[in-house]
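Participant: I have a structure here, written as structure tokens, and I will follow up with some questions on it.
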Amino acid sequence: MGILRTSLILFPALLLMAPALLADPVDSARDLLYAVEYGHGDSFLELLSESVRGQVESAYRQLQDIAAEDPGLAETMLQRTGSGLTTWDLEWMTTEDFVSVLLRSVQLPSLEEVISEKVSMYGRNAEVVMTWLSGYSVTFQFIWESSSWKVTGSSLLDQLF
């Protein structure tokens, strides 16, 4: 009877933990890198934590406001991104569209050349360092949020935004 009672208690707990046990922050890091490689802004934004996504969306709205108030300043800011965007583009683009264009200007080595993936787990947080054959590396910080690993920070995000 004791084994049955223990099983009845542990089974629901295991069911609740199953998504976390099956999920891997390395897979999320790879998904983010694929989104960069293929310029999929919507997929990229879905992999960001709620707070980071909010920051990106807020920054884009601010850029749109600047474009409306001071198009010259906005043009200068857009030129620095190397994306080829103009203030006219900002009038019709969504955040996802904008991020897609920014991602296309990022030059990363092929994911097939990754030689090392290092993961450190800290409860609901994780850090992934991916290193390529060339020596180039990218670090990602993750949080377990909404039943998946979401990016809270990255050296790649620092380059983009």
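Participant: Got a number for residues in segment 107-161 being in contact with a Phe, Trp or Tyr (Cβ under 6 Å, 6 or more places away or on another chain) and part of a helix (DSSP H, G or I)?
Facilitator: Of the residues in that region, 1 qualify.
Participant: I'd like the full set of residues that are surrounded by fewer than 15 Cβ atoms within 10 Å (Cβ to Cβ) and either in contact (Cβ under 8 Å) with a residue 24 or more places away in the chain or over 16 Å from the mean Cα position of the chain (by Cα) (or both), limited to segment 39-57. Talk me through it step by step, then tell me what you get.
Facilitator: Initial filter on segment 39-57 (surrounded by fewer than 15 Cβ atoms within 10 Å (Cβ to Cβ)): 42, 50-51, 54-55.
Once the filter is applied, which keeps residues that are surrounded by fewer than 15 Cβ atoms within 10 Å (Cβ to Cβ) and either in contact (Cβ under 8 Å) with a residue 24 or more places away in the chain or over 16 Å from the mean Cα position of the chain (by Cα) (or both), segment 39-57 yields D42, E50, S51, Q55.
Participant: Let me ask another. Quick one: V128 ticks every box in (1) touching a Pro at 6+ places or on another chain (Cβ under 6 Å); (2) more than 16 Å from L157 (Cα to Cα); (3) touching a residue at least 24 places away in the same chain (Cβ under 8 Å) except a single one, so which number is it?
Facilitator: V128 satisfies all of (1) touching a Pro at 6+ places or on another chain (Cβ under 6 Å); (2) more than 16 Å from L157 (Cα to Cα); (3) touching a residue at least 24 places away in the same chain (Cβ under 8 Å) except (2).
Participant: Which of the residues spanning segment 79-99 are in a helix (DSSP H, G or I) and over 15 Å from G41 (Cβ atoms)?
Facilitator: Step one: of segment 79-99, the residues in a helix (DSSP H, G or I) are 79-81, 87-92, 95-99.
If the condition is that a residue be in a helix (DSSP H, G or I) and over 15 Å from G41 (Cβ atoms), then Q79, R80, T87, W88, E91 are the ones that fit.
Participant: Take the residues of segment 144-158 that are polar (S, T, N, Q) and exposed (fewer than 13 other Cβ atoms within 10 Å of the Cβ): which is nearest to E37 (Cα to Cα)? If you could, list the steps in order and put the result at the bottom.
Facilitator: Of all residues in segment 144-158, those polar (S, T, N, Q) come to 146-148, 152, 154-155.
Next, from what is left, pick out any that are exposed (fewer than 13 other Cβ atoms within 10 Å of the Cβ): 146-147, 155.
Numbers: S146: 25, S147: 25, S155: 16 Å.
In this case the residue turns out to be S155.
Participant: In segment 115-143, how many are under 18 Å from the mean Cα position of the chain (by Cα) and either surrounded by 14 or more Cβ atoms within 10 Å (Cβ to Cβ) or not charged (D, E, K, R) (or both)?
Facilitator: Within segment 115-143, residues that are under 18 Å from the mean Cα position of the chain (by Cα) and either surrounded by 14 or more Cβ atoms within 10 Å (Cβ to Cβ) or not charged (D, E, K, R) (or both) number 18.
We did not get these values from a lab; they are worked out from the coordinates using the rules stated. Keep in mind that what you see is a predicted model, and the values were worked out from it rather than measured. Please note: Cβ atoms are built from the backbone with ideal geometry, for glycine as well, and neighbour counts cover all protein chains shown.
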